[in-house]
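This report concerns only the one structure given below.
The numbers here are math on the coordinates, done by the rules we state, and not lab data. Because the structure is a prediction, the values reported are computed rather than measured. Cβ placement follows ideal geometry from the backbone for every residue including glycine, while neighbour counts extend to all protein chains displayed.
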Amino acid sequence: MFKRVVDVVEVLALAAAVVFAVCLFLVGGEGGESGGAGEAAPGQAVFADNCASCHGADGAGGIGPQLSDGAVVEAFPDAADQAAVIADGRNGMPAFADRLTADDIAAVTEYTRGL
């Protein structure tokens, strides 16, 4: 009887390992920089690392104002004005020109305009 229970547990453990490995392959490509379908937008990582703590993970706001649902586009119809605020800071927002490259600022500007 005990041997049969052990055999069943071994089969279940093997099945769980197979499912886990398949899941790793299914989600393993997300977040890369190759730009394929289902991957993160270039500015998403920059946003998550530098902006989300104040503006919320989804741009809904928090310490900083809301950026999602078109709020950032309404506040900055010209993307260059938004990029300048990101670079130079304003009011309580710190300047990021010394922390981010121009490409990072452009990427996060584009990303937030689509939130």
Checklist outcome for this item: Each label sits 7 Å from Cα toward the beta-carbon; between Ala57 and Arg90 the label points are separated, in nm, by 2.8 nm
Checklist entry - Size of the dipole of the range 40-115 about the Cα centre, Lys and Arg at +1 and Asp and Glu at -1 on the beta carbon, nothing else charged, in debye to 20? => result 140 debye
Checklist entry - By average Cβ neighbour count within 10 Å, what is the ranking of 54-64, 94-104 from highest down? => result 54-64, 94-104
Next on the checklist: Starting from 0.36 nm per residue, how many nanometres of slack lie between Glu110 and Ala75 once their C-alpha separation is accounted for?
Outcome noted: 11.2 nm
